[in-house]
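Structure, as C-alpha cells:
The values are calculated or read from the model by the stated rules, or taken from the named source; none is laboratory data. This one's a predicted model, so the numbers in the text were calculated from it and none came from an experiment. Reconstructed Cβ throughout: ideal geometry from the backbone, glycine too, with neighbour counts over all protein chains shown. With ligands, DNA and RNA removed, areas are computed over all heavy atoms of the protein, side chains included. Shrake-Rupley method; radii C 1.70, N 1.55, O 1.52, S 1.80 Å.
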Amino acid sequence: MVKLIGVKKINAAVFISGTGSNLRSLLIFFKNKNFNIKIKLILSNNPKAKGLKYAKIFKIKKKIIVYKNQNLAEKKILSCLKKNKINLVCLAGFMRLLSRRFINSFNGKIINIHPSLLPKYKGLNTHRRVINKKERYSGCTVHYVNHKVDSGKIIMQKKVKINKKDTVKTLSKKILKQEHRLYPKALLKIYPNL
Ligand code: GRF
C-alpha cells in the first residue's frame with residue numbers, strides 16, 4: 001500500500017441537538033470511502049437528542065454538554081475538541097449560538113447547514129416563512145459560520161422547487177433529502193482549504 005505523506009487528516013466533530021439525519025448522512029458518506037475527513041465525535045447540548053444513537057451504531061465517541069452557562073459550556077466543548085484532536089466542526093441542527101470567542105478559536109473551521117437559500121430566510125421556521133411568502137423555490141445552504149447568524153460565506157447551495165400543494169411538512173422533507181446530499185459534497189469542496 002502506498003503511504004501518502006503530507007495529506008491533511010481532518011478530524012470532524014458534528015454538533016447536534018435533535019434527530020441527527022444530517023449527521024447520519026455524513027457518517028455514512030465518510031465511512032464508506034477513503035477520504036481524509038473522518039468523523040470522530042458527536043457532540044450534543046441535548047441529552048435527549050435522537051441523533052446520539054448514531055455514536056453506538058457507527059462506533060464513534062459522543063459527548064453531551066448541557067448548557068447552564070454559555071461561557072462554561074463552551075470552555076468544556078473546546079477542551080473536548082482539543083482532547084479529541086478535532087480540527088473541523090460541522091453544525092447539523094445544533095440549536096445553540098456559538099460565541100465570538102468560540103468561533104475565533106476555531107478560525108473559520110466551523111460549517112453549518114441551513115434549510116433555505118441563504119441569504120434569504122435566516123433563522124428559525126424557514127419553511128413556514130417561505131410558504132407564507134408564496135415563494136416558488138427554496139432549498140438548502142452549507143456555509144461557514146461567522147459572528148452573525150446564518151451569514152457566513154456560502155460554500156454550496158441546492159435549489160428545490162415548491163409546489164402549490166406543499167406544506168411545511170412536505171417541503172421540509174424534500175429539502176432535508178437534498179441537505180443529506182449537499183453537506184458531504186460541501187465538505188469535499190472545502191477540503192483543500194482546511
Ligand atoms: C436541518 O434542516 C438543518 O438544515 C437545520 O436543522 C435541521 C436538522 O435536521 N439546521 P437533522 O437533525 O439533521 O435531521
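Residue count for region 105-128, restricted to those that are part of a loop (DSSP other than H, G, I, E, B) and in contact with a Phe, Trp or Tyr (Cβ under 9 Å, 6 or more places away or on another chain): 4.
Close Cβ contacts (under 7 Å, 6 or more residues apart or on different chains) running from residues in region 1-20 that are among the aromatic types (F, W, Y) and within 9 Å of the ligand (Cβ to nearest atom) to residues that are open to solvent by less than 100 Å² (accessible area, probe 1.4 Å) and modelled with pLDDT under 90 are absent.
Quick check: anything in region 129-141 assigned to a loop (DSSP other than H, G, I, E, B), touching a residue at least 12 places away in the same chain (Cβ under 8 Å) and touching a Ser or Thr at 6+ places or on another chain (Cβ under 8 Å)? Within region 129-141 (the criterion being assigned to a loop (DSSP other than H, G, I, E, B), touching a residue at least 12 places away in the same chain (Cβ under 8 Å) and touching a Ser or Thr at 6+ places or on another chain (Cβ under 8 Å)), the answer is no, since none of the residues qualifies. Can you tell me which of K8, K33, K48 is at pLDDT 95 or above and more than 12 Å from the chain's Cα centre (by Cα)? None of the others qualify; the one that does is K48. Condition (residue is closer than 23 Å to E179 by Cα, more than 13 Å from the chain's Cα centre (by Cα) and within 16 Å of the ligand (Cβ to nearest atom)) applied to region 62-70: is it met by at least one residue? Yes - at least one qualifying residue is present in region 62-70. For region 150-173, the set of residues classified as of a type in the set (D, E, K, R), buried (at least 17 other Cβ atoms within 10 Å of the Cβ) and within 13 Å of the ligand (Cβ to nearest atom) consists of D150, K158, listed by residue number.
Taking S99 as the residue in question, decide whether it is out of contact with any strand residue (DSSP E or B) (no Cβ under 9 Å at 6 or more places or on another chain) and under 15 Å from A13 (Cα atoms). So S99 fails the test. Considering region 150-194, the residues that are hydroxyl-bearing (S, T, Y) and closer than 24 Å to K9 by Cβ include one that is farthest from the chain's Cα centre (by Cα), namely Y191. The set of residues in region 56-82 being over 24 Å from I28 (Cα atoms) and either of a type in the set (D, E) or surrounded by fewer than 13 Cβ atoms within 10 Å (Cβ to Cβ) (or both) consists of V66, K68, N69, N71, L72, E74, S79, K82. In region 129-149, the residue that is nearest to the chain's Cα centre (by Cα) out of those that are open to solvent by 20 Å² or more (accessible area, probe 1.4 Å) and of a type in the set (S, T, Y) is Y144.
Within region 38-52, residues that are under 17 Å from L98 (Cβ atoms) sit with their Cβ atoms under 6 Å from residues that are among the charged types (D, E, K, R), at 6+ positions apart or across chains, in these pairs: L41/K61; I42/K62; L43/K63; N45/R96.
Any residue in region 54-72 that is closer than 24 Å to C140 by Cα and at pLDDT 95 or above? Yes, that holds for at least one residue. Looking only at region 97-128, filter to residues that are surrounded by fewer than 17 Cβ atoms within 10 Å (Cβ to Cβ) and within 16 Å of the ligand (Cβ to nearest atom); which one of those is nearest to the chain's Cα centre (by Cα)? Step by step, filter region 97-128, then rank; the result is L97.
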